[in-house]
Amino acid sequence: MQPAEIRDSGALLGTALGEVAEIARDVHKAVSSRLFGLIGGAAAPVQQAHDAISAVAYGGARIGVRAIPAAVGAAASVLRDPTVESIDDNPRAHFALSALNGFWGDRLAEQRAALAPALSLRTHDGRLRRVAGNLGHDAADQATGRLVVFVHGLCESDRYWWYGAGKHHADPDVTFGSLLRDEQGWTPLYAVYNTGLHVSENGRLLADYLDRLVASWPVPVTEVALVGHSMGGLVVRSAAHQGAEGGQAWIESLRHVVGLGAPHHGAPLERFVNRGTHAMARLPETRPFADWLNRRSVGIKDLRHGSVLEGDWFGIDPDDHLDHRTDATLLPGVAYSMVSATLSRRPDGLFAHDLLVQHTSAHGSGPARPIDFDVDRLFHIGRRTHFDLLSDPQVYAVLRGWLAGADGAAPATDPDDAPNATAAG
């Protein structure tokens, strides 16, 4: 860990422990107030003494747990060699940091910037990692005019595109991107970004980055394809809309926007948490837990209904349960293709979801506010989970066909080889 990362990690630990102390204090206060209220006025002197002692005890504990980790982190950062590797260079630490950014990334960006990744892209071999603002690269001899950009989902990182590679491809270094590079001449690029920020902000950052990247690419760019998994599917839709709205040059090369398990109509887990916090806030004993849960990132809250534009949330209570989405433009000349997975064989019934995203949401369909995706570019695969979409060979076969420029339906699948896949659900 670099000095700034150690310093901010200590401060973050102190903040987290301080919030735990606050929850304990507030729950204690709510329970004691109810008990003293049941006893009546006779307990008033005891309650006053109890409250005074509790205030001192919890106040001291809160200051201690906040200050000590922050002080230790600050001291350790001074002694740390600034040339050591970053958290991002350690796969396990990077995995944990990605999850942390999903939950609290907006706060980290404001308060602990060393722990909040700036949006950047890298090649399959990692030679574009962390070069925001400097779009030079070391792979000019391998660059092609066809760029496919893979954008990961909530609490994920760019390394998630390698998930299941050994299982599905018998090679841990094989990804959809490397296959497209070898078979069709695409240059794969992998985004890494702070998933705790608003989808619309990450969409804007991605659009701006791509505009600079395409302008500085060593060969003329003829095609750009955006492939997003989960939240990433919303980010790429947002980037396409904002890039076109801003008149950015890279949009002229955009040909494909692909979503893999993207929650276009939101995710049920976020809606459940939202309703749960409203219910918990009604009682003083559970209100502290509701307040803590409501501190989850704005990126997570965007998944309540699938918000992709600033107008979907600006000036609106972030914990409002209503759907305030505006319509993101589907650009002419761009093929929008969506893949869903379900635990069930067919895309209906109780298990018509992939654990996290419902089939209808991934396809943008349903009775309420359907998105006008081309029905011939909707693909469903059964008996799969949300994360199978990152490396499943059947999903790749469909993606390969779409990016090859095939118009119309997804590639036909032999029912004997893939009995769980359907062209549309």
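The values are calculated or read from the model by the stated rules, or taken from the named source; none is laboratory data. Source: prediction; values computed, not measured. Note that each Cβ is placed from the backbone with ideal geometry, even for glycine, and that neighbours are counted across all protein chains shown. Please note that ligands, DNA and RNA were not included when accessible areas were found on the heavy atoms of the full protein model with its side chains. Shrake-Rupley method; radii C 1.70, N 1.55, O 1.52, S 1.80 Å.
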| For the stretch 231-283: rounded, prolate or oblate by the Cα gyration tensor [a/c cutoff 1.5] | prolate
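Does the stretch 317-377 come out rounded, prolate or oblate, given a ≥ b ≥ c as the square roots of the eigenvalues of its C-alpha gyration tensor, rounded meaning a/c under 1.5 and, failing that, prolate meaning a/b above b/c?
Oblate, since a/c reaches 1.5 and b/c is not below a/b.
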| Accessible area of the chain belonging to carbon and sulfur atoms, whole % at 1.4 Å probe | 60
| message | Show me, for the stretch 314-330, the HN-Hα J-couplings you get by feeding each phi into the Karplus relation (A = 6.51, B = -1.76, C = 1.60, θ = phi - 60°), rounded to Hz, glycine and proline as x. | response | 5, x, 10, 4, x, 9, 5, 8, 7, 8, 10, 5, 9, 8, 7, 5, 8
| query | To the nearest 0.05, how large is the calculated FRET efficiency for residue 272 and residue 216 if R₀ is 45 Å and r is the Cβ-Cβ distance? | reply | 0.50
| Taking N as the number of residues in the stretch 8-74, what is its alpha-carbon radius of gyration divided by 2.2 N^0.38 Å? | 1.41
| request: Using only Cα atoms, tell me the angle between helix 199-216 and the longest principal axis of the chain; keep it within 0 to 90° and round to the nearest 10. | output: 40
| said: Helix-only estimate, please: 222 nm mean residue ellipticity of the chain, summing -39500 (n - 2.57) across DSSP H runs of length 4 or more and dividing by its residues, to the nearest 500. | reply: -14000 deg cm²/dmol
| Counting alpha carbon pairs within less than 8 Å and at least 6 residues apart, what relative contact order, in whole percent, applies to the chain? | 14
| task | Would you mind computing the Rg to Rh ratio of the chain from its alpha-carbon coordinates, Kirkwood style for Rh? | result | 1.04
| note | To the nearest 10 degrees, the tilt of helix 91-111 (Cα long axis) against the first principal axis of the alpha carbons of the chain is 60
| field | Residue-wise HN-Hα coupling along the stretch 337-354, computed from phi with Karplus coefficients 6.51, -1.76, 1.60 (Hz; x: Gly, Pro) | value | 10, 10, 10, 10, 10, 9, 5, 7, 5, 10, x, 8, x, 5, 10, 7, 8, 9
| remark: Computed over the chain, protein heavy atoms only, probe 1.4 angstrom, the accessible area per residue in square angstrom equals 45
| field | Degrees, to the nearest 10: 44-79 long Cα axis against longest axis of the chain | value | 50
| Order of 395-404, 31-40 by packing, highest average Cβ count within 10 Å first? | 395-404, 31-40
| query | Hey, rough spin-label estimate for residue 321 and residue 374, points 7 angstrom out along Cα→Cβ, what's it come to in nanometres? | reply | 3.9
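If packing is taken as the mean number of other Cβ atoms within 10 Å per residue, what is the order of 19-29, 274-284, highest first?
19-29, 274-284
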| task | With r as the distance between the Cβ atoms of residue 92 and residue 23 and R0 = 22 Å, compute the FRET efficiency 1/(1 + (r/R0)^6) and round to 0.05. | result | 0.15
| Which shape class, rounded, prolate or oblate, goes with the stretch 219-331 when its Cα gyration tensor gives a ≥ b ≥ c as root eigenvalues, a/c under 1.5 marks rounded, and past that a/b bigger than b/c marks prolate? | prolate
| query | Put +1 on the Cβ of every Lys and Arg and -1 on every Asp and Glu Cβ in the chain; which of 379, 103, 165 then has its Cα farthest towards the positive end of the dipole? | reply | 103
| task | Report, in debye and to the nearest 20, how large the dipole of the chain comes out about its Cα centre when Lys and Arg carry +1 and Asp and Glu carry -1 on their Cβ. | result | 1220
